[in-house]
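Everything on this sheet refers to the single structure shown next.
Coordinate-derived values only; no laboratory data. The shown structure was predicted, so the numbers you read here are calculated from the model rather than taken from an experiment. Heads up, the Cβs are rebuilt from the backbone with ideal geometry, glycines too, and the neighbour counts pull from every protein chain shown.
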Amino acid sequence: MTWTPRRRTTRAAAALAVVTMTVALSACGSSSTAVQGDPSNVEGVDDGTTLTLWTRAPLEAQANLLVDAYNSSHQNQVELTVVPNDDYVAKVGAAAGSGDLPDLFAADAVYLPNWTSAGLFGDLTERIGNLDYRDEINPSIVEAGTFEDQEYVLPFVLDLSVMFYNKDLYREAGLDPEKGPTTMTEFRDQALAVEALNKPDTHGTYFGGNCGGCSIFTWFPMMWASGEDVLEDDGTTANLAGETAQDIYGVWRDLEDAGAIAPGAADETGATWTAAFQQGQIGVMPYPATLLQKASQTVDVGVSAIPGVDGGTSTFVGGDGLGISKDSDTPDQAWNFMQWLMSEDAQVGVLAANNVTPARADLLDNQFTTDPRVQLINSVSTAPDSRTPKALNFQQAFNAVGSPWSTLVRNQVFGDPSTLQQDNDAITDLLQK
């Protein structure tokens, strides 16, 4: 997907809780949420059925491309509804409680554990297992949508985090414009070199200092690339106060102390966190890969993988999963769309053709990957340490406004770093509720 800063609010957290409670209550007495139909029919049914599909507004462009391509080549027709991002959780919750979910709907990767455990999706385990290319599908989103060993979703659109750097500023600073940072120390030193240019309105780096979603998307990979887990004990314990984490926070605090983080970062809620780089004012920063084409319109962009403390590479495998809802009366027809979504026609002919990383490893090298930067982005999607975090209370602990993760980040970079263990424990407390 084209990564769009999400205004994750306490309203969204409350709505997510309502979804879980409502569906849990409505499911009482129900034996299963399994999708009915014929799972042995690998291609599903294409008989002219009208299917409904919901997605969040940040996915609108990619969803329209996919739906238009499917509708032009199939008898079935998909009617797409695009919902404002801030309204999506509440709309899904209301529909789940009344039995009015669409045939297909997408879910942010971090919401998947809540919605699968609440029974919103039908079981696709057998259908997915029957695909010849099952082992080629990016496992991160599938795993995020797995509950009690049953698989409920396939990747809809992937969203990855990487390092972007401004090659022109690198040249001016005496840096190699073809070499981005390969360690966190190099990231710091390259950002400081750009800062040392003392150019007006130009700084070494930037980040969303008051945006929990921005920092999980770009900072968690620094931990993973260093060989550390962010979450332990099945997503109920935070591991964000150890030596590796402190090394990462220390790099960012060094940059803040040196004035190399552009002003406004402490108050950046995510609405404009990518803008300064696109205006040519930032040397290097972790960034959404899906914005490469847009950023390249104004900046000579270099791309490298997000590194760990001493090396390694990782990415946050974000984006959305897509599943067949518990309320669909046409699961075989809905599956026809889903299996087509995983086909080469969709993954390459639609997504790769529009600069979106395919969700199948065997299709990453295709006719549209002539740009070395795209090749790097595609390769990092399957790096051993690239992941999607999974926890039932992820929204409340990390993404919500004022979350304990946001507090931890702000304290470590702009405030009192001695509160680290306390802030880490506050995250764990929420994860365990």
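Each peptide among 224-230, 104-110, 295-301 gets the average number of other Cβ atoms lying within 10 Å of its residues, and from highest to lowest they stand as 104-110, 224-230, 295-301. Here the dipole of the chain is about 1060 debye; that uses its Cα centre as origin and unit charges on the Cβ of Lys and Arg (positive) and Asp and Glu (negative). Remark on Glu151: its backbone amide H falls under 5 Å from those of Leu124, Thr125, a criterion applied only to residues 5 or more positions apart or on other chains, H modelled at 1.01 Å from N.
Between the listed residues Thr315, Met342, Gly209, the Cα displaced farthest toward the positive end of the dipole of the chain, a dipole computed from Cβ unit charges relative to the Cα centre, is found at Gly209.
The protection proxy used here, the mean number of other Cβ atoms lying within 10 Å of each residue, ranks peptides 352-363, 66-77, 304-315 as follows, highest first: 304-315, 352-363, 66-77. The charge dipole of the stretch 219-322, taken about its Cα centre with unit charges on the Cβ of Lys, Arg, Asp and Glu (plus for the first two, minus for the last two), comes to roughly 580 debye.
Pairs from the list Lys167/Lys199; Lys179/Lys390; Lys199/Lys294 with a Cα-Cα gap above 22 Å: Lys179/Lys390; Lys199/Lys294. Taking the chain as a Gaussian network of alpha-carbon nodes connected by springs under 10 Å, the highest mean-square fluctuation of the residues Thr183, Thr49, Thr218 belongs to Thr49.
Value of Rg to Rh for the stretch 237-281, rounded to two decimals, is 1.07; Kirkwood radius and Rg both from alpha-carbon coordinates.
The phi torsions of the stretch 42-55, fed into the Karplus equation with coefficients 6.51, -1.76 and 1.60 and a -60° offset, translate into couplings of 4, 8, x, 10, 10, 10, x, 6, 8, 10, 10, 9, 10, 8 Hz, rounded to whole numbers, with Gly and Pro shown as x.
Values of log10 I(q)/I(0) for the chain across q = 0.12 Å⁻¹ run -0.96, by the Debye formula with one identical scatterer at each alpha carbon and no solvent. In summary, the convex hull built on the alpha carbon positions of the stretch 193-332 has an orientation-averaged projected area of 12.0 nm².
Axis angle, to the nearest 10 degrees, between helix 212-225 and the longest C-alpha principal axis of the chain: 80 degrees.
For the chain, the longest principal axis of the C-alpha atoms and the axis of helix 85-98 are separated by about 30°. Among the trypsin sites (Lys or Arg not before Pro) within the stretch 125-226, those in coil by DSSP and having at most 13 neighbouring Cβ atoms inside 10 Å are Lys179.
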